[in-house]
């Protein structure tokens, strides 16, 4: 009997010694490198997640959990990172940094993933609404409303073990900011304090302060003259950045009616489109090529969102009735209309807790329109004025950021 036990034990030992190493053995690695056209990111107002959709197939959908709820998001200047900033309904303001999977330097695209979560103080992109991070000295930048500072990321150590290197510019007062870099200076408008503070980019010290701009919201710049335009409650403030005009008020532009401007869009050539928040009764057209600045009013249907195409050739207006008006980016003339969704509710606006409004982006003659009330994103052929398809996202897709892939850009060059 003892011999049977010894024999069985030796057999078991032999099996163990000759068996594969299991979890500690070699594993064949699979490449995560992907191909495609672009990656579309949207914020889901229902769950607080960031959703990534790979185009053109839209078969790969990745949901990334972020602290609810996202208010704004923007892609870094090199398009490697997406910064998602939550709304202000809690006592902590998280910034989720997402690796977009895009690496232009080595020409690879991989699945997106969260790399870091940072704690901010009411972080914003300083008034920019084009889905791209603002920069100072070529480095990605965030404005912190509560701590009255600008945070500039001096390196891109978001994926590694080393620490981030940041530079901080101190601002005059806690406020909501609209800022931009021009020449050697940084120009920061303070919404409630009603002035534009000018900081030296190298020194960080205040070099000028231009007052008289209460309810400051919205900004634009003219690269030809170097002038900056800030939307004030009563009128538009024009500030010079070159020569004798530098850091001084050079003019005011009166509004034709009681509607103020809250944001600007760059249209054809030197045309800018101004619009307010909420329902849009009309748009303001500003031609910077004219010696005497003046606004033209362009009536539009009752609308919930507006944007321009990548080249500014088209002005896109999403109406409350669920139609997308395709207009000329220079004149505002209506070219085509396409029905993209069912009507939006009358009481449809957002505050500072989270994003709820639809968004519009364009790429290669197509528009992508998020439809939070239907849980979809509409893809539209702008030339044919027809809906190509609806991407079924679920939840409430709102903000959009589109990151083109290297393959798509290479094809466009040819």
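Where a number appears in this text, it was derived from the coordinates with a stated rule and is not lab data. As the structure is a computational prediction, the values presented were derived from the model and not from experiment.
Worth pointing out:
- Considering only 184, 249, 32, the mean-square fluctuation computed in a Gaussian network model of the chain, springs between alpha carbons under 10 angstrom, is largest for 32.
- Looking at the chain alone, DSSP beta bridges between its own residues are antiparallel in about 100 percent of cases.
- Fluctuation leader among 292, 72, 263 - the chain, Gaussian network, Cα springs under 10 angstrom: 292
- When every Cα-Cα distance of the chain is counted in 20 angstrom steps from zero, the calculated P(r) takes the values 24, 54, 14, 5, 3, 0 percent.
- Value at 222 nm in deg cm²/dmol, rounded to 500, when DSSP H runs of n ≥ 4 in the chain each add -39,500 (n - 2.57): -2000 deg cm²/dmol
- For region 312-406: relative contact order, % (alpha-carbon pairs under 8 angstrom, 6 or more apart): 19
- Over the chain, relative contact order from alpha-carbon pairs under 8 Å, at least 6 apart, %: 12
- Based on Cα contacts under 8 Å between residues 6+ apart, region 108-184 shows a relative contact order of 26 percent.
- For the options 400, 335, 237, a Gaussian network treatment of the chain with springs between C-alpha atoms closer than 10 Å singles out 335 as fluctuating the most.
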